Each structure stands twice: as C-alpha cells, then as structure tokens.
Amino acid sequence: MEMAGLLFARLLSLFFIILIGFVTVRCGLVQQEGIKSLSMLSLYIICPFAVMNAFEVNPTREILGGLLLAVLFAMLTHVIFIGAMRLLKRPLKLQTIERASIIYSNAGILTIPLVTALFGPDWVIYTCAYNVVQITLQWTHLRHMISGEKGVDLKKILLNPNLIAIYVGVIIFFTGFRFPGPIDQAIDMVAAMVGPVGMLISGMTIGGMTLKKVVSFRRVWLVTVLRMLVMPLIMALIARVLGLASLVPNGQTVLLISLLAAAGPSGATVMQMSRIYNDSETADYAGAINVITMLCCAITMPLVAAFFLM
C-alpha cells in the first residue's frame with residue numbers, strides 16, 4: 001500500500017505539469033501546430049534518448065533475468081488483451097476503435113517518466129521490454145485492425161526511432177561502450193526531459209478538446225473501465241496466481257513496472273492511426289478515450305498497483 005500511495009503522489013506531481021499544458025492551450029499560448037511539433041519532438045528525439053540512457057548499466061544476470069521476465073509478461077499481456085477483445089466483441093458490441101484503445105496503452109510517454117520518478121533511471125530499462133512488444137504489434141496487428149490492410153510493414157517496425165534506440169541500447173548494454181563525457185551528459189539532459197514534456201503534451205491535448213465533445217461519446221466510460229481497471233486487474237491476478245515475481249530477483253518490481261505499462265491510458269498511436277485511415281469522427285472518439293483514460297489514471301493505476309502488491 002505504501003508503494004501505491006507513492007505512485008499516487010508521483011502521478012499528482014505529473015498531473016500538475018498536465019495542468020500547465022492545459023492552461024497554455026486554453027490561454028492561446030500554444031496552437032494545435034505547436035502541440036503536433038512538440039509531440040514529434042518527444043516521440044522521435046526525447047523518448048529514444050531516454051531509452052538509450054536506460055541501457056547504460058552493467059549487464060548482470062539479475063538485469064538479464066528481469067528483462068526476460070518483462071518480455072514474457074508483455075507478450076502474455078497482449079495475447080490475453082487481444083483474446084479478451086475477440087471474446088467480448090459481440091456481447092458488448094465493441095467497435096474496432098474501442099477494442100484497439102483497450103488493447104494498446106500509452107506505455108512509453110507515461111510509463112518512462114513515472115518509472116523514473118518512482119524507482120530512478122536505472123529501472124527504465126524494463127519499460128523497453130513492453131515497448132518492443134507493443135511497437136511490433138502496433139505496426140502489424142493494430143494497423144490491420146484500423147486500416148483493414150493486410151501484410152507487415154517491416155520498414156516501419158524496424159526503423160521506428162524507439163526501436164533503433166533499443167538496438168543502440170543493447171549494444172551499449174553488452175559492450176560496455178559509453179559516449180564521451182559531453183555527449184553522455186547531453187543524452188542525460190535530453191532523457192531527463194521525457195517526463196515534463198510528455199505531461200505537457202498530454203495537458204495540451206486535453207486543453208485542445210471541449211468537454212462537451214468528449215462526453216458526447218457515451219460509450220467512452222465503458223471503454224475506460226475495461227482499459228484502466230478490468231484488463232489490468234486481470235493481468236495483476238494472473239501474475240500473482242502464476243507466481244511470476246518469484247522467477248527472478250526483484251521480480252515484483254519488474255512486474256510492477258510492466259503492469260504500470262499495461263494499466264496506462266489508451267495509446268495515442270490508436271488516435272494517430274485512426275486519423276490517417278478513418279474519418280475524423282472516429283479519430284475524435286479515439287482522442288476522447290485517450291483524454292478520459294489519461295484523467296482517470298491518477299486513481300486507477302494506484303488501485304491496480306495496490307491490488308498487485310497487497
């Protein structure tokens with residue numbers, strides 16, 4: 001319960017930065033073009049640098065075991081989420097965009113700064129496992145769900161900036177290579193921006209939408225409950241029943257980090273792909289889900305963590 005309380009306190013701190021982003025848009029200091037530019041900067045520069053920075057640790061057996069556990073849990077999570085959505089599709093009459101928003105979380109933008117704040121930068125490496133699995137599925141399964149197109153876009157998977165950062169990070173991890181002092185310090189400084197910038201973007205996104213537009217989508221609350229509580233609690237229960245935390249040293253912390261990624265708000269990638277392949281109304285619905293789940297995560301994520309840890 002102490003960890004859940006700490007998680008809640010950290011989320012409140014991050015939400016204050018979200019409030020700053022919200023106010024800047026509402027006051028007209030930042031326009032939609034500025035939000036898009038800042039989002040691109042975060043996605044293609046700041047997050048990859050944070051990932052590379054996370055791999056600057058010694059490749060001990062303990063860390064390797066933790067990474068394998070994190071990958072296993074990420075794969076298990078996506079298999080169960082995808083399977084559950086297929087089973088619930090007809091009974092709950094779930095639309096494609098609803099199922100996609102439940103399956104895919106905003107794992108990188110929120111989890112990396114949250115893990116950094118909770119446990120320190122040395123633990124960010126375990127968030128990479130979830131991101132590798134999710135990014136691969138986003139450009140295969142998610143893309144097929146939303147566009148209806150078949151086939152795999154290997155180029156977009158392999159050349160994704162965050163995966164490239166992981167490739168570089170793995171080399172750093174196993175070879176012990178370190179950048180020269182000034183470059184390494186620059187990477188550290190850019191990586192430290194991931195939390196504040198990510199939260200500012202979230203606040204700006206919320207500020208750019210009217211409350212009337214958000215609540216006009218009546219099923220958004222059903223999707224929110226499934227995304228933020230039901231599915232993460234199922235994964236927490238599975239992890240406890242299977243005793244996965246006992247497989248490696250610090251297994252409980254590794255699984256908690258992975259669970260936070262699974263319990264995060266709906267993925268912004270769902271909204272972005274929907275805007276490319278679908279009509280604006282569908283994209284707005286995806287955006288509304290993203291906003292509501294982001295607002296709810298300060299309550300739901302500590303609840304999921306408390307259930308897993310108790």
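The values are calculated or read from the model by the stated rules, or taken from the named source; none is laboratory data. Quick caveat: nothing in here was measured; it's all calculated off a predicted structure. With ideal geometry, Cβ positions are generated from the backbone for all residues, glycine too; neighbour counts draw on all protein chains shown. Note: accessible area is taken over every heavy atom of the protein model, side chains too, but ligands, DNA and RNA are not part of it. Shrake-Rupley method; radii C 1.70, N 1.55, O 1.52, S 1.80 Å.
Within the stretch 35-48, which residues are out of contact with any Ser or Thr (no Cβ under 9 Å at 6 or more places or on another chain) and either surrounded by fewer than 20 Cβ atoms within 10 Å (Cβ to Cβ) or closer than 22 Å to C297 by Cα (or both)?
K36, S37, L38, M40, L41, S42, L43, Y44, I45, C47
List the number of the failed condition for P232; all other conditions in (1) closer than 24 Å to T136 by Cβ; (2) surrounded by fewer than 17 Cβ atoms within 10 Å (Cβ to Cβ) hold.
For P232, the exception is condition (2).
Any chance you could count how many residues in the stretch 279-310 are surrounded by fewer than 17 Cβ atoms within 10 Å (Cβ to Cβ) and either outside any helix (DSSP H, G or I) or of a type outside the set (A, V, I, L, M, F, W, C) (or both)?
The qualifying residues number 4.
Of these, S105, S101, which one is buried (at least 24 other Cβ atoms within 10 Å of the Cβ) and under 18 Å from G148 (Cα atoms)?
S101
So the check is Cβ under 6 Å with 6+ separation or different chains; which pairs have a first residue in the stretch 27-44 that's farther than 18 Å from A191 by Cβ and in a helix (DSSP H, G or I) and a second one that's at pLDDT 80 or above and polar (S, T, N, Q)?
none
Would you pick out the residues in the stretch 143-162 that are out of contact with any helix residue (DSSP H, G or I) (no Cβ under 6 Å at 6 or more places or on another chain) and either part of a helix (DSSP H, G or I) or open to solvent by 60 Å² or more (accessible area, probe 1.4 Å) (or both)?
If the condition is that a residue be out of contact with any helix residue (DSSP H, G or I) (no Cβ under 6 Å at 6 or more places or on another chain) and either part of a helix (DSSP H, G or I) or open to solvent by 60 Å² or more (accessible area, probe 1.4 Å) (or both), then R143, H144, E149, K150, L154, K155, L158, L159 are the ones that fit.
Could you list, in sequence order, the residues of the stretch 173-197 that are under 12 Å from N53 (Cα atoms), modelled with pLDDT under 85 and open to solvent by less than 40 Å² (accessible area, probe 1.4 Å)?
Passing the criteria: F173, A191, V194.
Which is under 19 Å from L69 (Cα atoms) and buried (at least 16 other Cβ atoms within 10 Å of the Cβ), of Q134, Q138?
The match here is Q134.
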